[in-house]
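Engineer: Structure provided below as structure tokens; questions to follow.
The values are calculated or read from the model by the stated rules, or taken from the named source; none is laboratory data. None of these values were measured; they are calculated from a predicted model. All Cβ positions, glycine included, derive from the backbone under ideal geometry; neighbour counts span all protein chains shown.
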Amino acid sequence: MRDRGSRLYPASATQESAMPIDLKVARTERQVDDALWLRHQVYVIDDGKFGGQPLPGERIVDRFDAFPGVRNVVVYDGQEPIATMRINLENELGLPAAEHFDFSAYRARAEAEWVAEGHTRKALFASCGMLAVRPPWRNRRDVLRAMFKVAAGVTMHAGATHFTVVVNHETVSMYRRLGFVPLAERFWDPAVQNDIVPLGGTSRGFFEWAFGDLPSTALDTFRDSFERQFLRAGESVFHEGDSGSHAYIINSGEIRISRHSPEGDELTLAHLGRGELFGELALMDPAPRSATATAETHCELITLDRASFLAQLEADPVRVRELFSLMCRRIRSLDDLATQLAFANADERLEFALRKLRFRGVEDAEAEGVMVARGGPETLARIAAVPEEAALAFLNDCRERGLLDFNSREIRFTG
């Protein structure tokens, strides 16, 4: 273990994390300090900049860290900080990128285009920089993309319209994919001990990249406060009885929701996939979690914390309307499930569980009229609280009647 003040972190890490990877907008003193420490650890110790010798305090800080509007995204593998980047909003003293390149020509052109488009409010420039990633995690492109998506949410919330950045010449292609355009050839900057390239871009292009393929949910209006989490198959998002403070949207992967009966049996309530929302009660109710959420596959989750939710709800109550409708549907669904488990026989529970899976299915893009639901006999058995052999026999009977086909991973409804 490595002692960093009063904190202990693993001395090394592997690419395959044994714990969830969380992406946070730094809100606590410790999270901000982690961002400053990461800059020093990556630039000086890992990459050997500035002579490779530790600097006083083992933190890298500049005057832009003290200005209003600064935000830091920090990534944690378990408890260890592994990556960070900084977002600055323009103020009367400018932006960090302008310390390294004269953006005046680009700014004049961008502001003129903004006015020509009919906008009445003044263009607001922002800057993303101080990107620092520990070496073992640099090939996690999914994590890097998620960092920029969190940054896009921060700048969207602040109302940014344009961006100016200066970046390591080796990362230009990545910024191009985000919608940024190089404004000059690479040049050596002694202040950062590297060849850099200045780039500019509009919020329109950046936000479209970040949110254009985002699944639509009842939390759409809160996307400017989204954070991210990555899990491997078998890892738990939360357990029944845990205290909760976040809601989750599945961006990729599959999540199983389960709980235990009074007799101690595990009951599967749902198998969820991309675009589906869970854990939303924690946004308004601090009571313990009523179920367990487990990653069935490698997952990327979008998260929203209660503090951000309540702050935005207070500012704009209309945002919550769709969420209330979703909660009402969930409560009715759980009431139906409880009734079936309490009073129905095995065949009736299986029929109910199959209808539930079909309702949650999606239409097959290549076969008109065919609905596909995640999960096979094991999933059906868990929902219906019957032995897997009974679920398998039930599905085989349905198959013989031409109602469906199935395998261990999915059920295809054809009739």
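Engineer: Looking for whichever is at pLDDT below 95, more than 23 Å from Pro190 (Cβ to Cβ) and either acidic (Asp, Glu) or assigned by TED's automatic domain parsing to the domain that holds Asp33 (or both) here; the options are Asn72, Asn91. Which one fits?
Structural biologist: So the residue among Asn72, Asn91 that is at pLDDT below 95, more than 23 Å from Pro190 (Cβ to Cβ) and either acidic (Asp, Glu) or assigned by TED's automatic domain parsing to the domain that holds Asp33 (or both) is Asn91.
Engineer: Whether any residue in segment 131-142 is surrounded by 18 or more Cβ atoms within 10 Å (Cβ to Cβ) and assigned to a helix (DSSP H, G or I) is what I want to check.
Structural biologist: Among the residues of segment 131-142, at least one is surrounded by 18 or more Cβ atoms within 10 Å (Cβ to Cβ) and assigned to a helix (DSSP H, G or I), which makes the answer yes.
Engineer: Let me ask something else about it. Confirm whether Ala233 is touching a residue at least 60 places away in the same chain (Cβ under 8 Å), in the same structural domain as His169 (by TED's automatic domain parsing), small (Gly, Ala, Ser) and assigned to a loop (DSSP other than H, G, I, E, B).
Structural biologist: Answer is no for this residue.
Engineer: Scan segment 174-205 for residues that are in contact with a helix residue (DSSP H, G or I) (Cβ under 6 Å, 6 or more places away or on another chain) and outside any loop (DSSP other than H, G, I, E, B) and report the count.
Structural biologist: Here the count works out to 4.
Engineer: Would you mind finding the one in Val115, Val154 that is among the aliphatic types (A, V, I, L, M), closer than 27 Å to Ser173 by Cβ and in a helix (DSSP H, G or I)?
Structural biologist: Val154
Engineer: What are the residues in segment 331-367 that are charged (D, E, K, R) and modelled with pLDDT of 60 or more, if any?
Structural biologist: Scanning segment 331-367 gives Asp347, Glu348, Arg349, Glu351, Arg355, Lys356, Arg358, Arg360, Glu363, Asp364, Glu366.
Engineer: I want to confirm something. Restricting to segment 67-119 and keeping residues that are within 30 Å of Asp142 (Cα to Cα) and of a type in the set (S, T, N, Q), which single residue is surrounded by the fewest Cβ atoms within 10 Å (Cβ to Cβ)?
Structural biologist: For segment 67-119, the residue satisfying everything is Gln79.
Engineer: Could you identify the single residue in Ser258, Ser243 that is of a type in the set (Ser, Thr, Tyr) and surrounded by 14 or more Cβ atoms within 10 Å (Cβ to Cβ)?
Structural biologist: Unique residue meeting the criteria: Ser258.
Engineer: For segment 46-69, enumerate the residues that are part of a helix (DSSP H, G or I) and within 18 Å of Pro190 (Cα to Cα).
Structural biologist: Lys49, Phe50, Gly51, Gly52
Engineer: While we're looking at this one, here's another question. For the condition in a loop (DSSP other than H, G, I, E, B), of a type in the set (Val, Ile, Thr), modelled with pLDDT of 75 or more and not assigned by TED's automatic domain parsing to the domain that holds Val150, what is the one hit in Thr268, Thr303, Thr297?
Structural biologist: Thr297
Engineer: Here is a further query. Only one of Phe50, Phe64 is loosely packed, with under 15 Cβ neighbours inside 10 Å, in contact with a helix residue (DSSP H, G or I) (Cβ under 6 Å, 6 or more places away or on another chain) and touching a residue at least 24 places away in the same chain (Cβ under 8 Å). Can you tell me which?
Structural biologist: Checking each option against the conditions leaves just Phe50.
Engineer: Now for a different question. For Ile250, only one of the following conditions fails: (1) within 21 Å of Leu144 (Cβ to Cβ); (2) surrounded by fewer than 19 Cβ atoms within 10 Å (Cβ to Cβ); (3) β-branched (Val, Ile, Thr). What is its number?
Structural biologist: Here Ile250 clears every test but (2).
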